[in-house]
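K.L.:
I have a structure here, written as structure tokens, and I will follow up with some questions on it.
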Amino acid sequence: MISLKSPREIRAMEVAGAALAGLHIGLQKIVRPGISSWVIEEFARKYFKAAGAKAEQIGFEGYKYATCVSVNDEICHGFPRKKLILKDGDLVKIDTVVSVDGAFSDSCWSYAVGEVKPEIKKLMDVTKKALYMGIDQCVPGNRIGDIGAVIQHYTEDENGYGDVREFVGHGIQPTMHEDPMVPHYGEHGQGIRLRKGMTITVEPMINTGTWEADTSDPNGWLAKTADGGWSCQYEHTLVITDDGPKILTSQDPEADAKYMYDDEYARDLKHYSDIALKVANQYEEK
């Protein structure tokens with residue numbers, strides 16, 4: 001069932017989105033060569049506690065962690081691991097879902113660890129642009145297939161990458177995963193029509209090689225590229241409005257000005273990013 005959100009519900013999701021974006025702003029100070037991926041999990045838990053946000057991934061279908069930390073050829077759902085030490089040139093994807101007072105937000109961001117190779121920087125740039133190309137299709141009257149079609153054409157046809165099929169975006173609120181499913185591949189004019197008040201995620205996962213995933217890891221969660229190529233992901237939660245798509249998890253309201261739902265988001269983000277940076281500073285001192 002697809003629910004259309006009221007302005008009150010959207011405002012609540014905006015607050016949750018700012019809380020999640022604050023995490024990613026703090027992570028910019030945390031992610032660096034030499035740390036274990038478990039440091040990311042520790043930081044996230046400390047920040048969520050300080051911010052009054054709930055880590056919704058903990059306990060979801062048995063998942064034990066607040067974050068997914070996936071490195072290089074890992075597409076998604078990587079566990080944070082004490083023995084996985086980030087190295088200069090790595091590409092790390094950090095994905096999490098939080099709620100604040102019952103309102104949900106979901107966002108993944110990719111981080112270059114130190115200096116990455118030019119081909120990895122290009123992968124990151126293309127994936128991020130694909131995210132926004134997909135978001136631009138999220139207007140009333142368009143169909144779900146329009147989102148995936150532009151992403152697939154840009155990433156596969158124009159850039160020769162693999163556009164992952166096994167994992168897709170989704171509706172969000174009142175739970176983490178709601179209808180509709182939002183593939184990042186497809187055909188224009190196919191799928192359900194988008195309507196004002198729908199809240200969804202757009203989260204392309206783009207590989208340097210094949211789009212196919214290897215999900216045979218015995219932990220039952222981790223997905224890797226089938227050919228060992230590297231993978232990148234960016235994700236926003238957004239709401240569809242008569243004035244176009246409005247991002248609810250922006251880390252930069254000035255750069256995303258045309259996608260802002262209202263002027264209150266920037267104030268909320270400042271509040272949460274201040275908390276995140278304070279936690280990050282304390283963490284670095286230890």
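Only the coordinates and a few stated rules stand behind these numbers; no lab work does. Quick caveat, the model's predicted, so the values are computed rather than measured. Glycine gets a Cβ as well: all are built from the backbone with ideal geometry, and neighbour counts include every protein chain shown.
K.L.:
Mind listing which GluC sites (Glu not before Pro) in segment 43-127 are in a DSSP loop and have 15 or fewer other Cβ atoms within 10 Å?
P.N.:
E115
K.L.:
What ³J(HN,Hα) values, in whole Hz, does the Karplus curve 6.51 cos²θ - 1.76 cosθ + 1.60 give for segment 226-231 when θ = phi - 60°, with x put for Gly and Pro?
P.N.:
5, 10, x, x, 8, 10
K.L.:
Pop the C-beta distance of Y283 and A255 into the FRET formula with R0 = 25 Å and round what comes out to the nearest 0.05.
P.N.:
0.40
K.L.:
Dipole of segment 126-264, Cα-centred, from +1 at each Lys and Arg C-beta and -1 at each Asp and Glu C-beta, to the nearest 20 debye?
P.N.:
Roughly 260 debye, rounded to the nearest 20.
K.L.:
What helices does the chain have that are whole DSSP H segments, at least 18 Å long along their own axis by Cα, and with mean Kyte-Doolittle hydropathy of -0.5 or more?
P.N.:
Counting only whole DSSP H runs, the qualifying helices are 7-30, 37-51, 118-136.
K.L.:
Enumerate the residues in segment 27-71 having an amide nitrogen under 18 Å from the point lying 7 Å beyond the Cα of A112 toward its Cβ.
P.N.:
27-34, 71
K.L.:
May I pose another question? Between segment 215-286 and segment 32-51, how far is it from one alpha carbon centroid to the other, in angstrom?
P.N.:
15 Å
K.L.:
Quick one: Kirkwood hydrodynamic radius for the chain, alpha-carbon pairs, angstrom, one decimal?
P.N.:
Roughly 18.7 Å, rounded to one decimal.
K.L.:
Same structure, new question: Of K5/K29; K46/K122; K46/K224; K49/K93, which ones are farther than 26 Å apart at the Cα?
P.N.:
Over 26 Å Cα-Cα: K5/K29; K46/K122; K46/K224.
K.L.:
Which is farthest toward the positive dipole end of segment 104-181 among Y161, A149, V113, measuring Cα position about the Cα centre, with Cβ charges +1 (Lys, Arg) and -1 (Asp, Glu)?
P.N.:
Among Y161, A149, V113, the one farthest towards the positive end of the dipole of segment 104-181 is V113.
K.L.:
Taking square-rooted eigenvalues a ≥ b ≥ c of the alpha carbon gyration tensor, is segment 185-286 rounded, prolate or oblate, where a/c under 1.5 means rounded and, failing that, a/b exceeding b/c means prolate?
P.N.:
Verdict is oblate for segment 185-286.
K.L.:
Placing +1 at every Lys and Arg Cβ and -1 at every Asp and Glu Cβ, with all other atoms neutral, what dipole size does the chain have around its Cα centre, in debye to the nearest 20?
P.N.:
Computed about the Cα centre, the dipole is about 840 debye.
K.L.:
OK, next. Using only alpha carbon positions, build the gyration tensor of segment 26-65, then give the equivalent ellipsoid semi-axes as the square roots of 5 times its eigenvalues, largest first, whole angstrom.
P.N.:
Working from the Cα gyration tensor, I get semi-axes of 20, 14, 6 Å.
K.L.:
If you average 1/r over every pair of different alpha-carbon atoms in segment 24-170 and take one over that average, what Kirkwood value in Å do you get?
P.N.:
One decimal place: 16.7 Å for the Kirkwood radius.
K.L.:
FRET efficiency for D263 and D243, Cβ-Cβ distance as r, R0 = 22 Å, nearest 0.05?
P.N.:
Calculated value: 0.95.
K.L.:
Let me make sure I get this right: for segment 106-171, a, b and c are the square roots of the gyration tensor eigenvalues over alpha carbons, sorted descending. Under 1.5 in a/c it's rounded, otherwise prolate if a/b > b/c, else oblate. Which is it? Provide the component values of the computation, followed by the final result.
P.N.:
Working: a/c = 2.24, a/b = 1.68, b/c = 1.33.
Here segment 106-171 falls in the prolate category.
K.L.:
In whole angstrom, how long is each semi-axis of the equivalent ellipsoid of segment 121-268, when you take the square root of 5 times every eigenvalue of its Cα gyration tensor and sort them from largest down?
P.N.:
They are 26, 17, 16 Å, listed from largest to smallest.
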